[in-house]
1. Please find, in a Gaussian network model of the chain (springs between Cα atoms separated by less than 10 Å), the residue of Ala156, Ala87, Ala310 whose mean-square fluctuation is greatest.
2. Amide H neighbours of Ala43 under 5 Å, at least 5 residues apart or on other chains, H built in the peptide plane: list them.
3. Below 8 Å, C-alpha to C-alpha, sequence gap of six or more: please give me the relative contact order for the chain in percent.
4. Apply the Karplus curve 6.51 cos²θ - 1.76 cosθ + 1.60, θ = phi - 60°, to the phi angles in the range 231-241 and return the couplings in whole Hz, x for Gly and Pro.
5. Using a Gaussian network model on the chain with a 10 Å cutoff between Cα atoms, which of Thr183, Thr260, Thr118 fluctuates the most?
6. Under 5 Å between amide hydrogens, which residues at least 5 positions from Gly96 or on another chain qualify, with H placed 1.01 Å from N in the peptide plane?
7. Using the C-alpha gyration tensor of the range 236-329, what are the square roots of 5 times its eigenvalues, in whole angstrom, with the largest one first?
8. Which of the aspartates and glutamates could a cross-linker span from Lys4 if the Cα-Cα distance has to be under 14 Å and same-chain partners fewer than 8 positions apart are dropped?
Amino acid sequence: MKTKIIAFVRDPEAAINAAVQCLQNEELVGVPTETVYGLAGSALSVKALSRIFEAKQRPYFDPLIIHVAQREWVEELTPAFSEPLSAKLMDRFWPGPLTILFPKGERVPHLVTGGLKTVAIRMPHHPVLTAILGAFGKPVAAPSANQFGRVSPTTADHVYAELRGKIPLIVDAGPTQVGVESTVIRVVSGRVEILRPGPVTEEMLREVCPTREWRKSGKIEAPGQSASHYAPKKPVHISASLPENAETAALLCWGPIHSTDRFRLVRSLSEERNLHEAAHQLFALLRELDQSDATEIYVEPVPEEGIGKAIMNRLRRASHKNADSADNEKKR
Ligand code: TXA
Ligand code: MG
């Protein structure tokens, strides 16, 4: 299959029409969101859903997020659309990078939820995806548009590198703004539990209601939360104390570039120590260092506040295979 990339700015109408045509044909399309690029297929089509798992080589037990353009669409997907705290969260944070778990409605195919009794839903905040959803008129399921377990894509070129030949179309709307995936939460007796930290931070959620971190119960509640994920092919080590001799390694530092004489290659997540900039750059830099001729990647930790929590969560999971990481004990 030939994978076509259409630049939205060059011909907006052609881009939207081509995307909608794909979705109507139960085919897949790479789409921009405010967080990362997604691999979209009709959420109510078992054929399209199967294609998502096939293209990503994703295990069927790993559930997908459904993306909606309107609050009314949620009513079709869950009987609990008017649960008061969820409604408050939707009022406050939608459209935006907050994914909420609801009890699964009957119309939602089991493929979406990986057999779980809950369905994950979000309303993305991106004009191009909103236009595609509006013209298609139905919800789409969209995981990040990468091979399973790999680094999420933040540009159309990343999507092409991951899925070339496996999908017919990618809509290019430039680099994504936020850079890390949506916050995933569930509401449990008046509290918000954070399953995946993201751009809607714990601090922001706490303004609406009490929050607590989700603790794994041992049984599979959220399979995509598996420890090893977002992984470059090269070993990743998170460490504030850097090795003396690392001339074959790359360094991803926090703040101004340093130690260029000790490493083969040095990049900074943010020279100004701005966590939003770091989130925006994280995946593109990991991808660049992974493709460089360095043999391994050292990363300096960032402060775990605000979106820094999401950055450290992704970095820990990227480094999971390395038992020698100084940060290892913090991994869940
Ligand atoms: O920002 C995002 O959320 C991006 C863009 C494309 O929207 N999407 C994304 O999808 O990150 P994905 O499939 O890469 O990650 C979805 C996460 C997984 O960790 C999955 O386990 C979790 O959401 N999830 C989905 N449905 C769930 C459910 N019913 N219960 C628990 N976790 C669920
Ligand atoms: Mg993903």
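No value in this document is a laboratory result; all are computed from the given coordinates. These numbers come from a predicted model, not from an experiment. Here Cβ is always computed from backbone atoms with ideal geometry, including for glycine, and neighbour counts include all displayed protein chains.
1. Ala87
2. The list, which skips near neighbours in sequence, is Val140, Ala141.
3. 19
4. 9, x, 6, 8, x, 10, 10, 9, 7, 7, 9
5. Of Thr183, Thr260, Thr118, the most mobile in the Gaussian network model is Thr260.
6. The list, which skips near neighbours in sequence, is Met123, His125.
7. After scaling each eigenvalue by five and taking roots: 19, 15, 12 Å.
8. Partners within reach: Glu27, Asp157, Glu162, Asp172.
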